[in-house]
Every structure is written in structure tokens, then in C-alpha cells.
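Every number in this text was worked out from the coordinates using simple rules, so none of it is lab data. Not measured: the values here are computed from a predicted model. Cβ placement follows ideal geometry from the backbone for every residue including glycine, while neighbour counts extend to all protein chains displayed.
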Amino acid sequence: MLAAGRLLWARASVFAGWFTLDAAEGVCSGEDLLPETILGLVAGLLDKSVLIQEEHLGQAQYRLLETLAHYGRARLRDTGQEAELVRRHRDWHLQLAEQMAAQWYGPDQLSWSRRLRRGYRNLRAAMEYCLSTPGEEHAGLRLTAALLPPYWYGSGQMTEGRAWLERALAANREPTLARAMSLRNLATICAQQQDLAAAQAALREGLTLARRLEDPLLIARLVAVEAELALCRGDFAATAAHARAALAYPEYAGGPERVASFTILTVAQAMLGNYDEVVSAFEQTQRCSTEFGEHFNLSWALIGRAAAEYGAGENTSAITYTHEAMRIAQAFDNRIALSTALVILLCSTAADGDAARAAVLLGARRRICRMFGISDFVNGAESALVEAATAQISKELGETRFETAVGRGFAFDLDEAVDYALGVGEKPARAAEASTAPAEPNPLTAREQQVAELVAQGMSNKQIAAKLVISPRTVEGHVDHVLTKLGFTSRAHIAAWATRHGQS
């Protein structure tokens, strides 16, 4: 192998996982390794199986096998270039994140979302470098400021995102734009996690700093987050008021970010039952989407419009808007939006007379919330909707059919749940199929199955423990596992499920 190839091998070891050709050119090139030579050197490393390649959405990505990455890193260290290359890696990914933030409300939004999700391990490595290297703390704040909350939604790492934000904010307390933006991002994530006290504290500090910096656009951005926080509290009148307050700033109202406030206004007015105001705010969101190519917020506006249609008794329209919202949310891998959309969809489906299908959707939503650590309810209004629909569906189907359908939905993975919700691959007679569908695969282990059968016989944990010669605490653990796997909330549900399957 040529010396240049070995040099690229060593330098590419700074990447954490997959990287693209432009990343290799940006990080690994220099006077001794010209950018125009990188493509040929990559091809040579592929031929020698030093690199492996994968195609993702039409773009080639590369990765060193772990043992070869360790070897390359050792050779890089020997050359004395490791510190320089690690910093280059950070610089490249910081620039990438800031470019994404600047272009987020535009036609490349979905591409940016997917690109940053694929590069998550490299972004994590860049943040770790910033927050563990003296003198690099401000760069860490710039990075957490640039990684907007939709990135954390898409990566499914809100808890980790919050940890990075809190760590970066603690490491550098200088009153900068990056700090204010990081506080904004932290407030949004805490609100979505229903930690409203932490969200309010971050928002308060961010607003104080924005006013100190005398930055009207920054102030408006933070006022917009006040609307998000009010929405999570279930105070919809305050939500609408804060959204309008943000839109009162010309610097904000004249730019593409205003779509976020129109979206929140759509949802708030839907919850308040103001149908005409919902339509007006929704149309503003649509205009922004058309003008700028923004779709992430459009999915939420569609959910708001669907909620308004449901409230007006227009169930068919509600289902149509919800389906459109779910298609967008699925593309962005926005699991929170998918969960919320499923609430409106199952309620509309039940109101439209298809209780069996609504029960399957209820089970699917329970599973999505459980899989991804999403709060079952963003606010009290959502809770009330689900509780009312659940009572209606259960009454119409009866306990046995209800639990069968819920169990079927709970067995879906994320893609299966979305496909079912959208009717992908289904015949027109969906209601009949939902009620006559075969039982879902049994997710229980042999021991859990045995415990379920004994629960169906009316045995207590103590009696089951004596029969199986195990401790009552172990039985309790098995019962908890059965409840979790089947998406149930009581021993009576387990008994009905076991009896239905002919196992008692």
C-alpha cells in the first residue's frame, strides 16, 4: 500500500463510525494529502478491505473495521498528529451542525435531519472533545446551540441531548448567543419530557440573557418556546397568547422560523375549540411550508387541524389530516408526533364506528410510548381524549375483544404500527379484518406463560410461588413482565388474555 493510503487510514481513524467522502476530504486532507486524491485513496482502501462501504439514500458511506480503526489510531498517535486531527474532526462537525441550523427551515430540511441522524456518533465524539478539552468549552456551547430539538427527537436521544446541553451550559457561563440558544433548546427538551420546572428555569435564564444582549430575534425565539411550555402545561389560552407575542416581533415574523409559532397556534386553537382560528393558523403554516420548503412543523400543524376536525365531528377529514401528518413524521422519525397523531387517529376511528381498529391503534400507541420512553400524555387534554375513547371502545367491543385488539397493536414495531395506521397493504374491508384478524404472536417466555395461566386460574402471587417453588418476589417480577409485554394494566387483563388463548 502506498504511504498516502496508510496516511488516510490513520487519519480516518478519528471518525466514530460511518463517514462520507466530503467528511474525509474536509478532515483528512492537507498539504501532504490533497483533497483531490482522497477519492482514489478511498477506493484503494476499499479494495484492500481496510474500509467498508454502505449506500444510504443514494450516498456512499465508509467505515473502518474496529480493529483496523484502533491500529490506525495508534499509527496516527505515533506521527504526533492525533490532537490536530481530532480538532479538525470537531471543527468539521461543528461547521456541519451550524450549517444545518442556518438552513433548517428550508427545502433540504429532511436531508439535514437524515444526515445528522446518520452522523450521530461523530457528533457525540465532537461534543465529548469540546467538553473534555480545556479551552474548548465555548465550541461545545456552539454545538449544543446548533443541534436543534428536532435533531434530538429524530435521534431518539432526548435524555442524552439534555445531558449534553446541561453539561455544556455548566462548562461555560459566558453571556453569549450560543448560551442563550442552548438554554432555548434545553427548555424545549425539558418541556417535552414533562419536566416543566426545569424547562421554565432554562427559559427564564434564556430570556434574561436575550434581553441583555438586546437581540429581538433571539427574544422572539424564546417567547415562542414559552408557547411550547404553556402547551405542555395544557394552558392553551396562554399558548396562543405567547405564540402571538412571538409573531409580534418583525425580525421573527418576517423569517421562516415563524412557522413554528403558527404551528403552535394551530394546535392551541384546536384544543380551545376555535375552528375558524385553527383554519387560519393552519393556512399560514401551509404558506410557510410552500414558501420555504419546511415540513417538520407542518406535521404538527396537520395534527392540530385533525384535532379540530375531530372536535367538529368531521371524523373522515380528521383521519385524512392525521394520515398526512404521520407520513411526514415517519420520514423525520419524529416519534413524539407519531404518538400524538395516533391519539387523534384512534379517537376519530372510534367515533367513525370502527371500534376494533381503534383498539389496535390504542395498543400500537402504548407500544410506541413504551419503546421510546415517551410520556403517555403530553397534557391533560390528550389524557382525557384517550380515556374517553378507551371507555367507548371497551364498552363496544367487550373486554375480551378489546384486549385482543389492544394486544395485537402492542405487538407491532414502529414501522408496523405506522403501516397499520396508514392502511398500508390492507384491503378495503379494514374493519372486518381488524375484528377477525388472527391472534398476535405470543411474546411471553415459557415461565411467563406458565405464570399467566395460573393468574387466569385466580391464584395469588403467594399461591403461584408455592406451586412453582419460587419466591413471591420472583412471581411478582414475572407478572410485571407479562403486563409490560402485553400492554395490560391489571391481572384481570392477563386472565382474559390467557383464557382467550385457551391456556387456562
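At a glance:
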| item | result |
| --- | --- |
| Extended-chain gain in nm, criterion 0.36 nm per residue less alpha-carbon gap, Gln59 and Arg370 | 108.7 nm |
| Mean ellipticity per residue at 222 nm, deg cm²/dmol - from DSSP H runs of n ≥ 4 across the chain, formula -39500 (n - 2.57) | -24000 deg cm²/dmol |
| Exposure rule at most 12 other beta-carbon atoms within 10 Å, DSSP loop trypsin sites (Lys or Arg not before Pro): the chain longest free segment | 174-504 |
| Cα-based radius of gyration of the range 1-140 once divided by 2.2 N^0.38 Å, which approximates compact folds | 1.04 |
| Cα-projected label distance for Ala391 with Ala171, points at 7 Å along beta-carbon direction, nm | 5.1 |
| Mean separation of Cα contacts under 8 Å (6+ apart) over length of the range 39-130, as relative contact order % | 20 |
| The range 298-330 residues near the modelled Val424 label - backbone nitrogen below 16 Å, point 7 Å along Cα→Cβ | 323-330 |
| Segment Arg117-Asp276, length gained on full extension (0.36 nm per residue, minus Cα span) | 53.5 nm |
| P(r) histogram, all alpha-carbon pairs of the range 3-80 included - 5 Å bins from 0, percent | 3, 16, 31, 28, 16, 4, 1, 0 |
| Net length gained if the chain between Lys48 and Asp91 were fully extended (0.36 nm per residue, minus Cα distance) | 12.5 nm |
| Partner aspartates and glutamates for Lys462 [C-alpha distance under 16 Å; skip if fewer than 8 residues away on the same chain] | Glu448, Glu453, Glu476, Asp480 |
| Mean Cβ count within 10 Å, highest first, over the residues of peptides 312-324, 288-300 | 288-300, 312-324 |
| Rel. contact order, % - alpha carbon contacts under 8 angstrom, at least six apart, the chain | 8 |
| Label point distance in nm, Thr445-Ala237, each placed 7 Å from Cα along Cα→Cβ | 5.4 |
| Loop-located GluC sites (Glu not before Pro) in the range 195-249 whose Cβ has at most 16 other Cβ within 10 Å (DSSP) | Glu214 |
